[in-house]
Amino acid sequence: MSWTSWDGREVYAGSEWDVRTAIAEMTPEVKDGFRIDEVPWERFRFISTDSKPPAEYWLAQARSVDADIADHALDRLFHSLFGHGRISGSAPLAVPFLIRLATDPSAPRRAGALSLAAALARQHDSAPAREWFLLTAYHDLRFSFDGYLENWTIEASRLAITADTELLLPLLHDPHPEVRIAACDALATAVDDADRIAAALLAWLPAEPHPVAQASLVLAFAELAREHALPGAADRLNTLWQDPTRPAEVRFAAAIAWYCLTDTPVPDELRAVIDTYVAQDSGHALADVPWIARIDCWNSLAAITDRMLPANDHAEHPGPQ
């Protein structure tokens, strides 16, 4: 079978060659028991791994309670599943196990595992542009570095995350902020149950003490809103960025999100909120927000906002959208 010619790709939809099917057929016993040897890795591997350990080897190593070993394993797993900014055909098979690593209190790199799962569930051509900032995945035909249809790869990873929503939602309340941030990142890619997830994100916002996690909650909500056309989302964000009692990070994230969910010129008041925060961000406090980190314009919020909000794109505030 040639994976570089997909004129007849619909023939393989739902077949054993469809990684979305493999995800759907993965049983709770396999996932919860971390039975990675029962997963069809070879079926979706189109580049030889004879000279190096395969992805499943590094996935097993990532379970180590030794932080250095887990770190190295996650780094090698990342490189085995990504190539030239594209995701391998077998990558979604790792997602359920990465989620279970994130829920394991004995795992030393829970946030790293969950961040990798989230990375496997979205496109990787992010740019500081209004139309791309909150995009989960492209809909045009794209191929992985190994020739597999990347559209199916990303959808399969998103389906795996959606299937484990009940494991991920409690992580929004995890004691460690980096885990809470990674949970926001992952939940934003869900293909179903968007209303419930969005409500959970906003419900936790008033209690969230960490600035990066606050911004992540807002941007995860906005990404879900964009992908699923959640009613009233722009109005909610509009209220958040205008509220002077909200933390500055919440107002900044809500302002950017509102702008990306609408198609109106930039209100002067919104630009003032963004410019004020950027001017005060001497410590690059939001550099670790996943949505910002993915488009890291020289580690500068000023560079990002300058490109996202053109200087001549302004207007009086039009009110809720």
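All of the numbers you see were taken from the coordinates with simple rules; none came from a lab. Since we're looking at a predicted model, the values are computed, not measured. So basically every Cβ, Gly included, is an ideal-geometry build from the backbone, and we count neighbours across all protein chains shown.
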Could you work out the helix-only [θ] at 222 nm for the chain, with each DSSP H run of four or more residues adding -39,500 (n - 2.57) and the total divided by the number of residues, to the nearest 500 deg cm²/dmol? -14500 deg cm²/dmol
The local net charge around Asp288, scoring Lys/Arg +1 and Asp/Glu -1 for residues other than Asp288 whose Cβ lies under 13 Å from its Cβ, equals -3
Calculated over the stretch 219-305: convex hull of Cα atoms, volume per residue (Å³): 94
Can you list residues from other chains, or at least 5 along the same chain, whose modelled amide H is less than 5 Å from the amide H of Arg294? none
Can you tell me the orientation of helix 248-261 relative to the chain, as the angle in degrees between its alpha-carbon axis and the longest Cα principal axis, to the nearest 10? 80
To check my understanding: the extent here is largest minus smallest coordinate of the Cα atoms along each principal axis. What are those three numbers for the chain, in Å, largest first? 59, 46, 35
With no solvent and one equal point scatterer placed on each C-alpha of the stretch 148-230, evaluate the Debye formula and give log10 I(q)/I(0) for q = 0.16, 0.20, 0.22 Å⁻¹, two decimals. -0.55, -0.83, -0.98
Could you tell me how many degrees, from 0 to 90 and to the nearest 10, lie between the Cα long axis of helix 67-81 and the main elongation axis, the longest principal axis, of the Cα atoms of the chain? 80
Around Ala111, with a cut-off of 13 angstrom between Cβ atoms, what is the net charge of the other residues, counting Lys and Arg +1 and Asp and Glu -1? -3
For the chain, averaging the sequence separation of alpha carbon pairs under 8 Å that lie six or more residues apart and dividing by its residue count, the contact order in percent is 15
Would you mind computing, in nm to one decimal, how far apart the modelled labels at Tyr57 and Arg35 are, each placed 7 Å from Cα along Cα→Cβ? 2.4
Report the extension gain between Glu166 and Asp275 in nm, rounded to one decimal, defined as 0.36 nm multiplied by the number of residues separating them, less their alpha carbon distance. 35.4 nm
Measure nothing fancy, just the Cα-based angle from helix 150-163's long axis to the longest principal axis of the chain, in degrees from 0 to 90, nearest 10. 80
State to the nearest 20 debye the size of the charge dipole of the chain about its Cα centre, where the only charges are +1 on K and R beta carbons and -1 on D and E beta carbons. 220
Output for the stretch 102-156: GluC sites (Glu not before Pro) sitting in coil per DSSP, at most 14 other Cβ within 10 Å, listed by number, reads Glu131
Given a Förster distance of 35 angstrom, what is the FRET efficiency for Ala229 paired with Thr21, based on the Cβ-Cβ distance and rounded to 0.05? 0.80
